[in-house]
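Structure record follows, encoded as structure tokens.
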Amino acid sequence: MATFVEQVREMGIKQAVLTKADEVIERATAGLNINDIRGALRGDEPRRPNPRLRPHADGFWLHIRPSFYHTGVTNIYPTFRLGWLSTFMLIWETITGLILMVFYTPSPLVAYSNMWNILGNVPLGQLFRNMHRLGAEVMVLVVALHMLRTFVTGSYKKPRQFTWVTGMLLLVFTIFLSFSGYLLPWDQLAYWALTVFISGGAAAPAPAFVNDTVLLVLQGGPALGANGLLRWYLLHVLLLPLLAGIFFFVHYYKVVLYGISLPPGREEVGEDTAKRVPKDERTYFIPDILTSELMWSALATLFLVAGSLWLWDAPLETHADPVVTPLHVVAPWYLSWSQGWLKLADKTLVVGFIPLLLVAFIVMPYVEVGKSRRYADRRIGLTVAMLFIAFMLVSNWMGSPEFRVASSPDREVSIHLLPEEGPGGLKGIPFEHMTPGVYTPGQVVDGNPFLTRGLELFEHALAEQSCTLTGNEMWTECTVSQLESGAKRFANGFTSDAMPDPIAKLTITDVQPNLRQMTLTYEVANPDNPDEMLIDTSWAAFRHANSNYEEECRFLNKSCATD
């Protein structure tokens, strides 16, 4: 082969550069030169022998991909592109996670400050954190929908039983990958969500020494601390990605081996013709499938970037504090169903039932051996599936604070406006605008828009937890119910335990130079006996001139008086 210098002497610099570029591209693509790529993108017929098949035979990246697919599986239905989107989200999470790893140290001493460094000092740090966290939520949803689609279309049936097994394991790994990242910011949300989760290790239906050992392994010591954070970090960045990668390739190998199952109505009962593709029903990977996947990747990227920029911010609460328990500790949405079950049943029973349910899902294809994949022949199975989904949605709601969580309405208002730690509605008022005095909810303070905004938030928070028996236009009408004890309970459209016609006020006082106290006072008289007080309490918090809560509110997208 002539050298580049010899080519320049023979053809001239321009033609020599084009020839060399053509050679480089052909080597990089394992068989496609520039004209082949241009022809593929234009939709031209390939030359003979077909060079578009060589990357699948000789290339590293495409050897696992089939060179053609059945046209019946290349439309939106029946796959909805969920398998490819699951793969895309795995790649997305790997890239964004590696970038974040550069600026993170798994130590309780610096993990939380690392998060603020990522948000405030690292170029595009907040964007990458938002994209990683949003990607984790989307990935769980996409993988779960992929498994649901597989069940609904009957694609788990013979010979794809083991493909289903690997898919279920990948769903479990995806959930734990997302949840294991929950602890890493080392904030209150992370610390207490994980504390509640690993406490289940002490309630499993097993001998006490086994439960104690599991709890010790998960916590890294008697309590969640430095060792626990390091272990969950290694679980998040090493063990779980390794297991997910192994089973991903096994799963994909099985998909290629047996092919993507056709829509249920395209095959005779008991037949599997996915690998027998007639020439007139072939859709080649290059260019049709490749360009389609690139388009879906672009759309997913657009959604994730736009959502991370304008629609959603990854939460970051105050620094983890083992002493202060937040008012409402909730699991992430994809695990809140388990929290709902724990409110109704014994913890040991729930912790023992969940693995059994997972095993039942895994072995289901080997037990449900009906040959037909057609919807009309699977009415019972599809009915059970829909009822199970409805049950899980109700369980998810039961895991929310709205179901069986006892709290007083005055405390709900106080925690929302003056949380024990970190920024909140009234704490976000700039110190210089916190004029000492006594104020009522919704009061307009002339020349002080920040304090006025804070009192608006006070009025809104109070309205959610209040109702009226006297026709007060500020609140909705009370719905009165009688308890077994004879006491009355008042409800509105937001809560079942509201304050009837409360009298509330905010008092701001100087405590010492550069330090002011904010006190919320509540008085609620018994409607049947005005001399008896149902609620007569107060809640106080302090605001230092240098606490900088207003900046935290802006950065963390909190609902504060700086809005």
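Annotations for the structure displayed:
- Qualifying residue in the stretch 173-185 (condition: open to solvent by 50 Å² or more (accessible area, probe 1.4 Å), modelled with pLDDT of 95 or more and more than 30 Å from Val269 (Cα to Cα)): yes
- Some residue of the stretch 367-389 being of a type in the set (Val, Ile, Thr), over 30 Å from Thr537 (Cβ atoms), in a helix (DSSP H, G or I) and open to solvent by less than 60 Å² (accessible area, probe 1.4 Å): yes
A quick yes/no check of all residues on (1) among the aliphatic types (A, V, I, L, M); (2) open to solvent by less than 70 Å² (accessible area, probe 1.4 Å); (3) within 20 Å of Pro423 (Cα to Cα):
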{"position": "Pro449", "(1), (2), (3)": "no, no, yes"}
{"position": "Gly471", "(1), (2), (3)": "no, yes, no"}
{"position": "Cys478", "(1), (2), (3)": "no, yes, no"}
{"position": "Gly486", "(1), (2), (3)": "no, yes, no"}
{"position": "Arg489", "(1), (2), (3)": "no, no, no"}
{"position": "Thr495", "(1), (2), (3)": "no, yes, no"}
{"position": "Pro513", "(1), (2), (3)": "no, no, no"}
{"position": "Leu534", "(1), (2), (3)": "yes, no, no"}
{"position": "Cys553", "(1), (2), (3)": "no, yes, yes"}
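- Residue satisfying all of: in the stretch 142-158; touching a residue at least 60 places away in the same chain (Cβ under 8 Å) and among the polar types (S, T, N, Q); surrounded by the most Cβ atoms within 10 Å (Cβ to Cβ) among these: Ser155
- Residue pairs meeting the criteria (Cβ under 6 Å; at least 6 apart or on separate chains; first farther than 9 Å from Gly340 by Cα, in the stretch 397-414; second in a helix (DSSP H, G or I) and open to solvent by less than 40 Å² (accessible area, probe 1.4 Å)): Val413/Ala461; Val413/Leu462
- From the options Tyr334, Tyr284, residue that is in contact with a strand residue (DSSP E or B) (Cβ under 6 Å, 6 or more places away or on another chain) and modelled with pLDDT of 90 or more: Tyr284
- Within the stretch 316-336, restricting attention to residues that are open to solvent by 60 Å² or more (accessible area, probe 1.4 Å) and in contact (Cβ under 8 Å) with a residue 12 or more places away in the chain, the residue that is nearest to Trp397 (Cα to Cα) is Trp333.
- Selection from the stretch 254-286 of residues that are surrounded by fewer than 15 Cβ atoms within 10 Å (Cβ to Cβ) and part of a loop (DSSP other than H, G, I, E, B): Glu268, Val269, Gly270, Glu271, Lys275, Arg276, Pro278
- Of the residues making up the stretch 420-436, those that are within 28 Å of the chain's Cα centre (by Cα) and surrounded by fewer than 18 Cβ atoms within 10 Å (Cβ to Cβ) are Glu420, Glu421.
- Residue within the stretch 287-297 that is open to solvent by 30 Å² or more (accessible area, probe 1.4 Å), within 18 Å of Tyr156 (Cα to Cα) and in a helix (DSSP H, G or I) present: no
- Inter-residue pairs, beta-carbon under 9 Å, first over 25 Å from Ile415 (Cβ atoms) and in the stretch 525-543, second surrounded by fewer than 16 Cβ atoms within 10 Å (Cβ to Cβ) and of a type in the set (S, T, N, Q), 6+ apart: Pro527/Thr470; Glu532/Asn526
- Those residues of the stretch 454-479 which are touching a Phe, Trp or Tyr at 6+ places or on another chain (Cβ under 6 Å), in a strand (DSSP E or B) and more than 30 Å from Phe431 (Cα to Cα), in sequence order: Cys467, Thr468
- Considering (1) over 30 Å from Val122 (Cα atoms); (2) within 22 Å of the chain's Cα centre (by Cα); (3) not polar (S, T, N, Q), the lone condition that His56 does not fulfil carries the number (2).
- Matching entry among Asp346, Asp313 (being among the acidic types (Asp, Glu) and either open to solvent by less than 70 Å² (accessible area, probe 1.4 Å) or at positive phi (or both)): Asp313
- Residues of the stretch 106-132 classified as open to solvent by 40 Å² or more (accessible area, probe 1.4 Å) and part of a helix (DSSP H, G or I), total: 6
- Of the listed requirements (1) in a helix (DSSP H, G or I); (2) out of contact with any Leu (no Cβ under 7 Å at 6 or more places or on another chain), Gly221 misses just one: (1).
- Which listed residue, of Val351, Val405, is within 25 Å of Ala331 (Cβ to Cβ), among the β-branched types (Val, Ile, Thr) and not in a helix (DSSP H, G or I): Val405
- If you filter the stretch 93-105 down to residues that are part of a loop (DSSP other than H, G, I, E, B) and without any contact (Cβ under 8 Å) to a residue 12 or more places away in the chain, you find that the one that is surrounded by the most Cβ atoms within 10 Å (Cβ to Cβ) is Thr105.
The values are calculated or read from the model by the stated rules, or taken from the named source; none is laboratory data. What you see is a predicted model, and the numbers here were worked out from it, not measured in a lab. Glycine gets a Cβ as well: all are built from the backbone with ideal geometry, and neighbour counts include every protein chain shown. Calculation scope for accessible area: heavy atoms of the full protein, side chains included, ligands and nucleic acids excluded. Shrake-Rupley method; radii C 1.70, N 1.55, O 1.52, S 1.80 Å.
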